[in-house]
Structure formats: structure tokens, C-alpha cells
Amino acid sequence: MQLSPEQQKMLEEQKANCPFCKIIAGEIPARKVYENEQFLIVLDINPATEGHMLVVPKEHYPILPFMPMDAQKKLFVMLRDVMELAQHAMVTRGSTLFIANGQAAGQNVNHFMVHVIPRDKNDGLYELHSKQEDLASDAEEFKKLGGTLKNTIRTVIQRATGKAPPGAPPGVQPQLTQPREVSEDELINIIEINKPLLDLVLQQPEAFKKVALQHPQLKDLFKGKEVGKIVDKVLEKHGKTKQKEGDKKEEKHEKKQKKDGKEDKEKEVEAEFEEVKDALEGDQEEEKETKEEGGKEEGKKNEKKDASLDDIAKLFG
Amino acid sequence: MTCKACEWIENKETLKVYEDDAIVAVLASKGWVKGQVDVFTKKHEMEITKLDDEGMVHFLQTSAHVASAVFEALGPQGTNVIINEGNILGEENNDNHLCAHIVPRKFDDNLNLMWKPKTMDDEEKDKVLEKLKDKAFSLDQKKGKKEEKGEKQEGKDVVQKDEHGHEKKDGKEGGHETHEQKGEKVDYRLKHLMRIP
């Protein structure tokens, strides 16, 4: 995950105050069960049951998505063995694995970790077993929710693995059920931390302005915003001057677009997008790849960064 | 013995949000909160230890992807991933098909998944630590590093570092503890027999 210099700085500050980083560094004593190069297993100081362990990556990641894929793989394999260890050593019938991403989920420390809790029948931890509340009472809403999730899961997996997951063909683009108003500064930040996007803005500002307003997903983010201004600010930051003519054109374009009917707009978007795509085809190899995946990919990236920004803000907050 | 999870997976009415050769993710119709997704292994697997490395990585990684997707699509303030593994609630309970619950969380969702801390004094905690450490070498063995002696040596070093002030106590209890552990080894096998349905 790429972070902006500011976020990097915040992360460093967070690390400096992190009790688990101190435990790992040996500055705070803890009951260590096991330790290897990448992970440390300690007993929880406030255990749910006897033998409640925390599997802690030595590197400071605020939440799981920050962790690189290969480290995640090692962690996952290890977790199975730790669950087995919990049951064997504590002589229990089973164990519970518990991950909290974010404070709302019960994460108290900004250092990502996994709880492994040895479990037995009468340990009283029934709250960890799924409630049986009826969640599908509104059948239509339930179905809609399922559709949204299905598409988002597909996109997330495709983004993470670079491969299309098996099964259902790509359906309608996932829609955020709760679109959030994003400020101009945030948008600038999003562009800054998203390398392919930043390259695009710096090298093809005009093309970006068009894409931003028309692309099915980007247009929501940039709705009602002056894309020209945002792009100019980014360009200024990187020492490039703006082109006033392009700016005016863009504004006209925006107005025109608003007048157009929905169907027309959609057709136009597609046509325009193909244009931009073609124009970009000759660009750097790297960029080509991103573009070939389609602007969809880019849009989602944006949203992902958006989400993580949100998250970071929360974690630091 | 029918398994609820297997029935759900086979039922065409079930709202599957993800499916591949090994994993099915279902939008939970019963659970904690709306938007909860339950990730199942397709095979009726009850013990996580039965999964090989690849299967385990696939199971948890898919769960992690689903968690990211839940976060992006529903805009909660956090997510929980919870796996209850093994025959925790006993044989009469038929819910032990391996499953990862992905729970979208909000500050005001009135869910309390956090446990009450068990009160344990230092001595009890040290005992637990010894029990776990005694078996922790298995974590290395799994990776093919069979250096049991070296590991145990290392383990002892850590003990000495950790328990500066408790050296005397350790000495007194040493004999007693090993005795206890032997007793538990038998117990452990018995308990494992109980886990087989």
C-alpha cells in the first residue's frame, strides 16, 4: 500500500508510540510464547480464556490490508498451526480466531494482530458465536445487498490478484450504497498517493480531466468539483504550469454534459473513454497495463484509496 | 447427520456472493448484522488443521478479500473476522462446518463481541505460558525445521529473561508441573476422541 509522505509520517509517529512495537523491541516485557523472524506470539494480558494468544507481525501494520500479500500468506499458514497449538496445549475442543480491523470492531491498539483463543463448551464466550437474528426480512433489500457485495468482492479479488475470479461474469458495476462527499483536498491527496493516477495527471492532464468527469466511477467522486482546479493544483505541486484554454473547454464540457439526457451521456462516455484509452495506448508500458484493465480498475483503485484514507484517518484519530 | 452449512451451500436459493472450487461466501440471512458474510469451505471440513497450506491461505485470503469488499461496499467503520473452529459447543450442536464470519462494524451497532477479561494472577499466567511453550516447537516443525533441541534451548533462554523474579517459585513447581503435563497428555487424547463425531 502506497502512502503519502504525510501518512508515512503519521505511521512513523504511531509506531513510536505503539506498545506492541515496544514489546517486539524488548522495551516492554511480555509473556512470549513463540518468536520467529516475522512474527511474535504473546499471551494477551486481558485473556478471554486461559491460553489466549496474540499473533503479532513484527512489522507495524495498522490493519490487515496494509500487510503485503506474501507476509499475509505466511501469517495465514501460521495461524492454522497456532490454532492447533492452542487446542493441544490447553486441551480444548476448539479455538476461535478473532481479527478486529478498526476501532469500531474492537481494535484497541493500532498494531494489527490476530487473537487465537482456546475454546471450550462452558467458557461463556457465546458472544463470539454468530447470533441468529433474521437479516433477510426485507427480501428486496437483501437481494440488492447481495448483488452489491458480489460485484465488489469480484472487483477486490481481481484487483488484488490481477486475475478475474471464476464464476459469474462481470455484472453491473458495484455501487457504493453510501456515497460520501469527498473534498477537493482529499481528491488531490488521492491522486498524490496513487502513482498510476498521478502519472496520468502529470503526463496527460487534459485526458484526465475528460476521464474524471465521464467515467462511471470517477464521475461520482468528481461530481460538482472543478476538475480543472484539482488537476492544476496537482500540477502546481509538481512544478508544472496550467493551460488556461484547456480549463475553459473543460468547464463548457461539463455544462454541456449536465444538459444531456442520461442515455446520451452513457453513450458519450463510452465513446469518449475509448478515445482517451486509444490516446493513452502509446504511453508507458506500466500505464498501458492499467488502462487495459479498463478505467473501471482505476476507479476502484481510487475508491480503495479513499476507503483506506478514511481508515487511516480513523486509526490515527 | 445433516450439516446446515452444507445445506445452504447446496441450496440454489442461497445468496452466494462468491464461489470458487474450494470456497463459498454467503450473505448471511441469520447472524449479527446486515451485510454479514459467512465464508465456508465447500468441503464439509470441521477442523482447520485438516486444511493444507494452500487451502488455509486460500480460505483466509478469500475471507480477507471479502472483508475488504464489505468495507468498501457498505462503508462500515470496521470489520471483524471470526472463525470458531472445532467442536466448541459439543456434538449436539451441528454448526462446526468451518466458517469465517465477516462482520461489518459500526461504533453504534450495539454489538458487543469483546470478552470480559478472565482474571488470572501472574503465577497462573506463567503456568499457561509454560504449557503453550512446551508445544510451540510444533510451529517450527511444520515448516520442516526439525531442530527440537535448539528450539528448546532457545525457549529456556526466553523463560529466564521473562521471569527474573520468579526463579525460586519455578524451581519449586518444576516437578509438579511436569507431572501435571503428563496427566494432561492422556487427557488430551481422550478429549480428541470426543471430537470425532
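The values are calculated or read from the model by the stated rules, or taken from the named source; none is laboratory data. Note that the structure is a prediction, hence the values are computed from the model and not measured. For neighbour counting, all protein chains shown are included, and Cβ atoms are generated from backbone atoms with ideal geometry for every residue, glycine included. Note: areas computed on protein heavy atoms with side chains; ligands, DNA, RNA excluded. Shrake-Rupley method; radii C 1.70, N 1.55, O 1.52, S 1.80 Å.
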### Query
Taking every residue in A:42-50, how many Cβ atoms of other protein chains lie within 10 Å of its Cβ, on average?
5
### Summary
Rg (one decimal) and Dmax (whole number) from the Cα set of segment B:41-99, in Å, equal 13.4, 38
### Query
So how much accessible surface do A and B hide from each other in total, probe 1.4 Å, in square angstrom to the nearest 100?
8500 Å²
### Summary
Which of B:Lys43/B:Lys131; A:Lys58/A:Lys225; A:Lys58/B:Lys135; A:Lys58/B:Lys127 exceed 31 Å between C-alpha atoms? The answer is B:Lys43/B:Lys131; A:Lys58/A:Lys225
### Message
Can you tell me the convex hull volume per residue for segment A:1-145, based on C-alpha atoms, in Å³ to the nearest whole number?
### Response
157 Å³
### Query
How far apart, in nm, are the 7 Å Cα→Cβ label points at A:Asn36 and B:Asp108?
4.5 nm
### Message
Need one value for B:99-106: mean number of C-beta atoms belonging to other chains within 10 Å of its residues' C-beta atoms.
### Response
3
#### Entry: Gyration tensor (alpha-carbon) shape descriptor, segment B:1-72, a/c threshold 1.5
oblate
### Query
How many Cβ atoms of partner chains, on average, are near each residue of A:55-68 if near means within 10 Å of its Cβ?
1
### Query
So what is the relative contact order for segment A:33-109, in percent, with contacts set as C-alpha pairs under 8 Å and at least six apart?
20 percent
